[in-house]
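In what follows, a structure is listed as structure tokens, so that the remarks can point back to it.
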Amino acid sequence: MAYLAHLRDDGHVQLLREHLFGTAERAASYASAFGEGAMGRFVGTFHDLGKYSEEFQRYLRGEGGGRGSVDHATFGANETFSCGNRENAAQVITASMCIAGHHAGLADFGTQVADGKGSTFMDRMKRKDLPDARAFRTDGLPEMEVPSLSETPVLQEIKKSAEGQTKDRWRSEFSVMAYTRMLYSCLVDADFLDTEAFMQDDAAPERGGFPSLRELAEKVDAYLARFGAPTTEINRRRTEILRQCIAAGDQAAHRLRTLSVPTGGGKTISSLAFAMHTAMARPDVRRIIYVIPYTSIIEQTADVFRSIVGKDAVLEHHHQVDWDDPEHGGDRKRLASENWDAPLIVTTNVQFFESLFACRTSRCRKLHNIAGSVIIFDEAQMIPTGYLQPAMEAVRELTEQYGCTVVFCTATQPSLGMFFADEPPVEIAVHRDEDFAFFRRTRIVQDAGETSPVMLADRLEENGQVLVIVNRKSRAGEVYDLLPEEGRYYLTTNLYPAHRRRVLREIRARLAAGKVCRVVATSLVEAGVDFDFPVVYREMAGLDNIIQAAGRCNREGKRALDESLVHVFSFGDPAPSYIRLQSAIASKVLAKYPEDPGAPQAIAAYFEELHMLRNTDAKEIGRLVTQEKFPFRKIADAFHFIDEDTVTLLVLAIQDKEERKEAERIAEALRYGTASRTLMRRAGQYAVSVYRPVYRELLDAGKVEPVEGAEDFAILVDDACYDDEKGLLEQVPTGQADFF
């Protein structure tokens, strides 16, 4: 009997042993990037042993039964698990869990008292109703794989590797779980790609084809050569920071670095130069990954990189990317977003860290391609404090076990050394303190004191061009309404993304033309938005927020320091809960460092106290890891940077005619049930998010239309709810920005 793995509509078949060998070779190749080729080959060979059952073969040939009635994953996991002993227990459990979950995802391990009826891994290992799939022993598998898995040379090789250079991968429960996810990633990506290659044959999509890192490095160096010898002091300083980054990259002496560069110091280009030169100095570097908090910064950073290395070399991966847009590369980049098979990736904190703690195939599939990367965390202070402990533990694993080089890059460097006591990050910027003193362009002052929206609006009117940043969207609306209509702008997440971009263009144009321009905004403008106002007002918040706000003042350094003021004020009411502690600590630091609260010493004092007083493991990931055995599902459910219960509303009340037509086409497609990923990404450009209680109020009032099959998405059908100046008019709780 010929045992089949897949059967195409045209009648062509893929023999099961061919699929097992093909998957095994791919998985071995992927896992070899972190020294685990033997384990990759092992899980690839045994992942589909359950297809050697008559039940599955009948299903595949259409002779009755359904896929749901034939569990083909548990058999191979069970066979592997049964060959465990005291010497290879960790390796066998890891392999078994990967095989068991290669379709459904990694399960929680469970307990020894499992009865075979639950969904845990141990329940699956105790099932008594598995199909008889022992035919694999006579189907031409390599001699070394039969008759007993426990005696195979591959397991002996795995055991030796665990005793040698990879033994630290078993040093803690966290390490074992990180390793399991990495191995799982190799398996699911290999299985998918081998299956895709057969099922689509000549029509299989073109993957890869990106330029090499060496080609990109040459383009970066050619771009840098254009600057020549600097003729001004500011460019000399920028060039010196760049030179230090290049030198540090060439030396490639440390796996964990910080790059503390003040606003205006050119950290984006300098960090790219560091990454490229590290890649050339370390042959094991396979890609460069930029991890950024906000989509607005991602879009700007990706545009800069595309202008340097070419648009075909940059994979921009976040929820707002429209793969139908030629700028984003179409199918090839859409496919690369599935497994990050590209040389230069720009993504979000959410995408990166939540993947590292995920259990599902779609999120985990890319993990093996993170191994051997240079990872730049831009605006590193934006990694949520409540997740720092597990996030930094994951960074430790990447640098110590998976060949990664990590750089925390920002003008407001958080005190992350406490999470790496044995080997803290090494600073790249040799003259950091001097650089911060030189690039200081504003004076942060607390002369505004307590104020009211009316009093604040009066002060803003005294300035023709001024930016004010407040903590709450409701308060932003109050201040905005009090300003003269000419040249006033409102910027919060109540505006859908395409609307915000249009407003940003208008603001920049008015600033450049010297026209009246008064902007009321929330914190979304504090990072990655290249405004240059002569005066900024900032409501009391965290010190990093205040310093980032200062970066929107005298950005180009064309005005005198004493004429470029950042006024810190308070409305006299308690700060929002999510920044209450940060505000209190910032007040203390501002009082202690009144002359220059943006100096590195002040920033360090702020973050040291914040990390001491704030819980850095708010979801108790550490407790889950140590007190329960391999709780993959529980951790994946708990680890979410954004856990607000929100609903996304597609806006139709759009003034721009072309945008409105696009939004209406999307709405019509959603009503007909064609909610593809591409369509939902396009919808995101014309959508705002509200908390679920607000959504329920809108629903009860008949102002929104639910989208069938998408409980977190609806259409805003009442045009009166959306204003072309202030966006969504309903009173919604303060949000942070787009992080996905």
Quiz item: Going by the conditions given, is LYS629 under 30 Å from PHE357 (Cα atoms) and part of a loop (DSSP other than H, G, I, E, B)?
Solution: yes
Practice problem: Give the residues of segment 449-468 that are more than 21 Å from LYS515 (Cβ to Cβ) and surrounded by 21 or more Cβ atoms within 10 Å (Cβ to Cβ), sorted by residue number. | Solution: LEU456
Quiz prompt | Out of LEU242, LEU272, LEU256, LEU216, sole residue that is surrounded by 20 or more Cβ atoms within 10 Å (Cβ to Cβ) and more than 21 Å from PHE408 (Cα to Cα) | solution = LEU216
Exercise. Provide a single number: the residues in segment 277-306 that are within 18 Å of ALA342 (Cα to Cα) and not in a loop (DSSP other than H, G, I, E, B).
Key: 18
Quiz prompt | Pair list, Cβ < 9 Å and 6+ apart or interchain, from segment 611-636 residues that are within 23 Å of LEU581 (Cα to Cα) and in contact (Cβ under 8 Å) with a residue 60 or more places away in the chain to residues that are open to solvent by less than 60 Å² (accessible area, probe 1.4 Å) and part of a loop (DSSP other than H, G, I, E, B) | solution = HIS611/PRO414; HIS611/SER415; ALA618/PRO384; LYS619/PHE639; ILE621/PHE357; ILE621/PHE639
Quiz item: Can you tell me which residues in segment 1-38 are open to solvent by 50 Å² or more (accessible area, probe 1.4 Å) and either in contact with a Ser or Thr (Cβ under 8 Å, 6 or more places away or on another chain) or assigned to a helix (DSSP H, G or I) (or both)?
Solution: ARG17, GLU18, PHE21, GLU25, ARG26, SER29, SER32
Quiz item: If you take the residues of segment 215-253 that are of a type in the set (Lys, Arg) and out of contact with any helix residue (DSSP H, G or I) (no Cβ under 7 Å at 6 or more places or on another chain), which of them is nearest to GLY403 (Cα to Cα)?
Solution: ARG243
Quiz item: Among GLN413, GLN446, GLN389, which is in a strand (DSSP E or B) and open to solvent by 20 Å² or more (accessible area, probe 1.4 Å)?
Solution: GLN446
Quiz item: Here is a list of conditions, (1) crowded, with 22+ Cβ neighbours inside 10 Å; (2) farther than 14 Å from VAL445 by Cβ; (3) among the small types (Gly, Ala, Ser), and ALA550 meets all of them except one; can you say which number that is?
Solution: (2)
Exercise. Would you check if LYS634 is surrounded by fewer than 18 Cβ atoms within 10 Å (Cβ to Cβ), within 30 Å of SER415 (Cα to Cα) and in contact with an Asp or Glu (Cβ under 7 Å, 6 or more places away or on another chain)?
Key: yes
Quiz item: Among all residue pairs at least 6 apart or on different chains, which show Cβ distances below 6 Å where the first residue, located in segment 236-250, is farther than 19 Å from GLU434 by Cα and modelled with pLDDT of 95 or more and the second is open to solvent by less than 50 Å² (accessible area, probe 1.4 Å) and outside any helix (DSSP H, G or I)?
Solution: none
Exercise. Sort out which residues of segment 700-710 are open to solvent by 60 Å² or more (accessible area, probe 1.4 Å) and either in contact (Cβ under 8 Å) with a residue 40 or more places away in the chain or outside any strand (DSSP E or B) (or both), and write them in order of number.
Key: ASP700, ALA701, GLU708, GLY709
Quiz item: In segment 517-542, what residues are open to solvent by 10 Å² or more (accessible area, probe 1.4 Å) and part of a loop (DSSP other than H, G, I, E, B)?
Solution: GLY528, ASP530, ASP532, PRO534, MET540
Practice problem: Name every residue in segment 287-303 that is at pLDDT 95 or above and surrounded by fewer than 21 Cβ atoms within 10 Å (Cβ to Cβ), in order of residue number. | Solution: none
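The values are calculated or read from the model by the stated rules, or taken from the named source; none is laboratory data. Values in this document were obtained by computation on a predicted structure and should not be read as measured data. Positions of Cβ are backbone-derived with ideal geometry, glycine not excepted, and every protein chain shown enters the neighbour counts. These accessible areas exclude ligands, DNA and RNA; they are computed on the full protein's heavy atoms, side chains included. Shrake-Rupley method; radii C 1.70, N 1.55, O 1.52, S 1.80 Å.
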